[in-house]
1. Give the order of C:182, B:122 when sorted by the count of other beta carbons within 10 angstrom, beginning with the fewest.
2. Contour minus end-to-end for residue C:75 and residue C:131, with contour as 0.36 nm per residue of separation and end-to-end as the Cα-Cα distance?
3. Given only helices, namely DSSP H runs of n ≥ 4 each adding -39500 (n - 2.57), what is the per-residue ellipticity at 222 nm of chain A, to the nearest 500 deg cm²/dmol?
4. Calculate how many DSSP beta bridges within chain C are antiparallel, expressed in % of all such bridges and rounded to the nearest 5.
5. List the extent of the Cα atoms of chain C along each of their three principal axes, largest first, rounded to whole Å.
6. Run the count for chain A, please: Lys pairs, Cα-Cα under 29 angstrom, 8 or more apart or on different chains.
7. What is the list of residues in the stretch A:52-80 whose amide nitrogen lies under 15 Å from a point 7 angstrom out from the Cα of residue A:96, following Cα to Cβ?
8. Would you mind computing the Rg to Rh ratio of the protein assembly as shown from its alpha-carbon coordinates, Kirkwood style for Rh?
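What follows is calculated from the coordinates using simple rules that are stated; it is not laboratory data. This is a predicted model, so every value here is computed, not measured. Please note: Cβ atoms are built from the backbone with ideal geometry, for glycine as well, and neighbour counts cover all protein chains shown.
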Amino acid sequence: MEDRVELLRTRAAALLREQVVTGILGFLPGTRGGVAQVGLVTRAEDAEGLVLDASCTQNIAKYLLKVVRAEGKVGVVARGCEARSIVVLLQERQFERARVYILGIGCEGVKKNGVLSASCVNCAYPNPVIYDELVGEAAVKESPAEIIAEDERFYALAPDERWRVLEEDVSRCIRCYACREVCPSCYCPVCFVDATMPQLVGRTHHLSDNMVFHIMRALHMAGRCVECGACERACPMGIDLMRFNRRVAKSVRERFGAIAGVAPEESPPLAVFDPADMQEFIR
Amino acid sequence: MYYNFDFTMSAVEGFQPKIVAFLCNWCSYAGADLAGISRMQYPPSIRVIRVPCSGRVDPFFILQALQAGADGVLVSGCHPGDCHYLTGNYVARRRFAVLNDLLEFCGVEPGRVNFAWVSAAEGERFAQLVREVTERVRELGPNRKLRKGVEGNGR
Amino acid sequence: MRRAIITREELRRILEERARTGSLYAPVAGRAGYEWKRVSAVAEIADCSGEPHTRVPAKRFLFPASEEIFRFRGAEAVESETPGRTVVFGVRPCDGRALAFLMRFFVERAPADPYVARRRENTLFVGIACNEPADSCFCLGVGGGPHSTAGLDALLVPLDERRIYVTVCTERGAELFSGFPEPAPADEEERRALERRAEEKISFRVDTQKLKEILDRAFEHPVWERLAFPCVNCGACTLLCPTCHCFEVTDEKVRGATSRHRVWDSCQFLLYSQHASGHNPRAHPAARFRNRVMDKFKYTVEQVGEVSCVGCGRCIRVCPAGIDIRSTIEVIRAEVGGA
């Protein structure tokens with residue numbers, strides 16, 4: 001990982017010096033050593049400050065929409081899940097491919113409180129699927145089964161018990177929307193929870209409304225969630241948000257053969273259809 | 001308090017399920033209409049909400065129906081290939097599939113939320129569908145999940 | 001203020017008695033650090049060695065996250081019941097100072113908030129001093145301290161395995177802790193030594209007077225854009241801040257009646273400052289970021305005469321973007337203040 005970071009700094013500085021890009025979106029050291037900050041480096045000499053390690057817990061693609069312009073090119077340091085998020089944004093026409101220069105880089109996972117993030121344990125795409133250049137060697141990773149076993153254990157519970165577990169989890173939600181704000185796929189100018197005419201979700205922390213919020217956000221992520229885990233790392237109340245998102249991603253994979261953010265030329269799975277789609281659940 | 005949620009529904013036959021039915025205007029609503037005109041009998045459990053197309057049905061509607069106190073939900077549209085708007089029901093089918101999987105995963109019992117394709121000519125089929133869904137929801141009992149206002153704030 | 005020495009066993013008896021006659025809330029281990037839970041036995045209480053305090057601050061006892069105020073149908077309204085006698089055990093001095101601030105903000109100005117006032121009347125806050133501040137703590141830097149008694153009914157300082165030094169701060173505190181021996185001079189020494197050791201661990205200092213003067217001329221400064229860049233404008237910092245007090249009021253239909261709720265709101269949300277006309281004076285994310293810093297160190301000084309940051313460090317711990325308010329202050333001091 002260290003050599004890759006050195007190489008990244010060199011390449012970033014070169015790209016800025018050669019004016020290939022007007023700025024590079026990357027990580028800068030955090031203050032407490034726990035969480036790095038995302039910044040836009042615009043001067044070649046500042047590229048030295050770029051870091052990339054287990055404290056870089058955000059999905060950097062979130063910040064792309066803040067900095068991408070109608071002209072010019074912005075560089076972005078993108079790991080596996082982040083590159084997939086960029087693909088999702090491209091599929092959804094949020095900006096033109098030519099407006100970003102992707103410095104792809106392999107990832108060994110990020111940590112929260114010293115523990116490898118659950119989504120990193122479960123990650124199947126540590127290397128970027130899209131890039132303008134690849135920095136360093138690809139990351140090597142075995143595919144673990146631990147998280148998947150946890151979901152199976154959950155599914156093995158009786159329905160009422162599953163509901164009770166989720167309610168208990170979701171009862172802690174204080175509707176801070178950190179999950180939504182760190183997610184690159186959540187960019188609606190007016191989120192459904194903020195809609196007023198009509199009001200879609202109640203704004204209190206009533207258990208029913210908290211459940212609707214989480215169920216609907218997961219549904220809005222169908223075919224768009226790259227399972228980076230930024231949401232569950234951001235949640236200050238420790239709610240297992242990825243549990244909902246994983247189930248939805250599984251549905252999309254099994255029913256439509258689609259995986260979020262791997263094929264830029266494909267359409268978002270929920271925006272298209274196949275006349276032969278499975279309909280075993282329909283009476 | 002104003003309202004008493006005393007659901008001591010130990011006697012299941014006393015329980016009359018409330019089922020919200022989203023029916024697409026061109027096929028399912030017409031099918032329901034045909035059932036009515038033909039004097040076909042089916043339980044008075046459904047509360048019909050007419051929508052232009054099954055594609056209009058946002059998963060929110062289904063969740064809000066449960067929040068408002070519905071014991072079950074039925075969503076019905078044109079058969080695939082016959083959508084009045086050509087592709088509305090195809091798009092809806094994907095959405096419903098994902099919603100259905102997620103709700104079941106969360107512990108909402110199979111049979112609470114139902115999806116069907118009923119055409120304008122299928123009056124008897126519509127009546128039969130309502131009979132089956134009502135029976136299933138009756139078996140499941142009153143719905144508590146997502147219901148708003150039973151325990152108050154719950155915190 | 002009266003002082004006493006009690007044993008852990010005596011404390012257990014007092015707390016468990018209160019748990020029986022009313023409610024006792026204390027920190028227990030949860031999915032994200034410590035949570036407030038109603039307990040009936042002292043054995044259920046977490047030892048609080050992992051994190052410096054509960055994730056959700058003690059403000060939730062005076063100002064709950066989501067509170068039904070009343071219900072009405074037509075013209076008939078029924079107010080919600082205020083919780084009965086409650087003892088909240090394990091409040092950190094930073095949260096205590098915050099409680100004092102909230103009382104000044106909500107109750108000691110006219111018109112007094114009746115809901116906060118009623119809750120305060122029914123609640124006893126028993127604090128535990130910090131002998132081991134965390135790296136995110138800076139209470140001392142903003143005028144507080146690891147053994148501060150502000151806002152609390154009593155403050156406990158564990159001296160050793162058996163003995164606890166108690167400072168009784170209010171008459172209600174005296175209800176719990178009277179009839180106990182006074183501390184000996186050696187006990188005072190011990191407590192003072194623990195306090196000094198804790199204070200030494202906190203290095204960050206803010207001259208709040210100077211900072212206010214700097215902020216008075218900082219509004220238009222370009223530094224906010226840069227500081228706010230990593231911020232994603234979620235509400236984590238504000239909702240979990242012990243002194244943040246903004247709320248929205250919403251009426252929601254609940255099966256035949258309408259329920260009026262007060263819910264925590266955040267200046268970081270876009271909708272917070274949205275006008276009905278569609279105009280939003282804080283449409284820019286940096287404007288919302290700026291508002292939080294301004295409110296903590298300038299606006300509340302102008303409103304109630306004090307800085308509202310108590311240095312608990314929750315915002316630092318929960319920020320998903322890695323923003324540290326201490327660094328923010330340092331940058332402002334340097335770039336705007338020229339310090």
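1. Least crowded to most crowded, the residues run C:182, B:122.
2. 14.8 nm
3. -10500 deg cm²/dmol
4. Bridges in chain C are about 75 percent antiparallel.
5. For chain C, the Cα spread along each principal axis is 62, 60, 38 Å.
6. 12
7. A:68-74
8. 0.99
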